[in-house]
């Protein structure tokens, strides 16, 4: 069924050109800064780092925690996220000699395991880094994904992150471009149609797949 969901969304909305970022490292920074906030706030913090010429691993490594925290303040939890950025570049230096190319040449399962050991990087952030910055076939599961699956009775809400990720990866061709586009389309659908309150089911391309009406839907 998931391939049909992808086709319906893609036919309705087309390519999403996600994830925004000028370099792989900028995408990684964005994946960390967007935690527990919206993209607009994360983008403001990234713009501050770009203006300060701190969008490179070596620059983040040299910058003080206080400077990083001040610049990324718009993203919220800025002190914790400054530590997370420092932790990532330290990992990159130790494990891959500071080279993103070397990191992304590592097999997906191996580098994913490494990323999950880095302070502040959980499964969703790790998979965002792998998929969007490294073009690895790792499907990203977020709150929008869970909401859509639950409303369509594909998931109960009790599944773990890994179970949902496995469902997508087993149901689809092992193609990072497909994973990229599908997740971006899910985000678009969650924001604009399958909303927490007052979902717009009648306008959603996934309406034919909805097993039952949602209370409060329009």
For this session: Go over the candidates 47, 59, 69 one by one and state the one that is touching a residue at least 12 places away in the same chain (Cβ under 8 Å) and in a helix (DSSP H, G or I).
Result: 69
For this session: Of the numbered conditions (1) in contact (Cβ under 8 Å) with a residue 40 or more places away in the chain; (2) more than 17 Å from the chain's Cα centre (by Cα), residue 7 fails exactly one; give the number of that condition.
Result: (1)
Exercise. Restricting attention to segment 81-89, does a residue exist that is surrounded by fewer than 18 Cβ atoms within 10 Å (Cβ to Cβ), assigned by TED's automatic domain parsing to the domain that holds residue 50 and part of a helix (DSSP H, G or I)?
Worked result: yes
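Based on what the data block shows, is residue 104 touching a residue at least 60 places away in the same chain (Cβ under 8 Å), within 21 Å of residue 177 (Cα to Cα) and assigned by TED's automatic domain parsing to the domain that holds residue 51? Reasoning before the result, please.
Details: touching a residue at least 60 places away in the same chain (Cβ under 8 Å): yes; within 21 Å of residue 177 (Cα to Cα): yes; assigned by TED's automatic domain parsing to the domain that holds residue 51: yes.
In short, yes.
The values are calculated or read from the model by the stated rules, or taken from the named source; none is laboratory data. Since we're looking at a predicted model, the values are computed, not measured. No Cβ is skipped: glycine too gets one built from the backbone with ideal geometry, and neighbour counts run over all protein chains shown.
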